[in-house]
Amino acid sequence: MLFAYDTEVALRTAVNLVNTLDSEGVEHLRAPGDLDRFLEQEEFTGSRTHDDDELASVRALRSQLRTLWDASEDDAVALVNGILRESRALPQLVKHDYWDWHLHATTPEAPLSVRMGTEAAMAFVDVIRSKELDRLRLCAADDCNAVLIDLSKNRSKRYCDTGNCANRAHVRAYRERKAAS
């Protein structure tokens, strides 16, 4: 494990959120129900309004977070600090549901996009402090622009988890090797 468990969960959620707008521009958060399913899949808890404004604010957060994959360290710090400042983050240890002690920086009643942004920002604080921004990558598949975070020990993750990019690349390489021999 490179980071604390809750940091890795927040980073994966940020990746999954960014990838809800896929490389062809297909929107996977079209309606509040889509957001409900996403949050259930990510096991994200707390208060909700289940309305179009909440959906719009999460989409805006997604755009903000996406810029981290292309940001310099200084730009990433500015974005993370901005999110934390706007949310008036006050880190504290909490224990709930099946989670042991972990860090929250907002109340469960804060608006969804604020809670999501703050959790992501707190996770990216660890990434930046650890000088690990190079673990933020774009999928290596020629036909995919999805983002990923490489949490492997040997820094070898090259393909996203949104589709079959790794399988397609491996099959293509196999066929090329077969054709060459």
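For the reader, a short list of remarks on this structure follows.
- To the nearest ten degrees, helix 112-129 and the longest principal axis of the Cα atoms of the chain are 60 degrees apart.
- Percentage relative contact order, segment 27-103, counting C-alpha pairs under 8 Å, at least six apart: 17 percent
- Distance histogram for the chain (every C-alpha pair counted, 10 angstrom bins, percent rounded to whole numbers): 9, 35, 35, 15, 4, 2, 0
- Placing a pseudo-label 7 Å from each Cα along the Cα-to-Cβ vector at Asp51 and Ala4 gives an inter-label distance of 3.4 nm.
- Its relative contact order, with pairs defined as Cα atoms under 8 Å and 6+ residues apart, puts the chain at 24 percent.
- Crossing angle, helix 5-18 versus the chain [Cα axis fit, 0-90 degrees, rounded to tens]: 70 degrees
- Between 0 and 90 degrees, the angle of helix 52-66 with respect to the longest Cα principal axis of the chain falls at about 50 degrees.
- Set of lysines near Lys131 by C-alpha distance (under 19 Å), chain-local residues within fewer than 8 positions excluded: Lys153, Lys157
- Taking the Cα centre of the chain as reference, the dipole from Cβ charges on Lys and Arg (+1) and Asp and Glu (-1) amounts to some 880 debye.
- Here segment 121-177 is assigned +1 on the Cβ of each Lys and Arg and -1 on the Cβ of each Asp and Glu. Its dipole about the Cα centre then comes out at about 240 debye.
- Dimensions of segment 135-181 based on its C-alpha atoms, expressed as ranges along the principal axes with the largest first, amount to 36, 23, 12 Å.
- Of all the options Asp143, Asp126, Asp22, the one that moves most in a Gaussian network model of the chain with Cα springs shorter than 10 angstrom is Asp143.
- Extension gain, Ala180-Gln92: 0.36 nm per intervening residue step, less the Cα-Cα distance, totals 25.8 nm.
- The chain, helix-only ellipticity at 222 nm - DSSP H runs n ≥ 4, -39,500 (n - 2.57), divided by all residues, nearest 500: -16000 deg cm²/dmol
- In plain terms, the bigger the Kirkwood radius, the slower the diffusion; for segment 34-102, with that radius from Cα pairs, at 10 °C and 1.306 mPa s, Stokes-Einstein puts D at 110 µm²/s.
- Listed residues Val58, Gln41, Leu90: farthest to the positive end of the dipole of segment 10-94 (Cβ charges): Leu90
- Quarter of Cα convex hull surface for segment 85-141, i.e. mean projection, nm²: 5.7 nm²
Bear in mind these aren't lab numbers, they're just calculated from the coordinates by the rules spelled out. As the structure is a computational prediction, the values presented were derived from the model and not from experiment. Cβ atoms come from the backbone with ideal geometry, glycine included; neighbour counts cover every protein chain shown.
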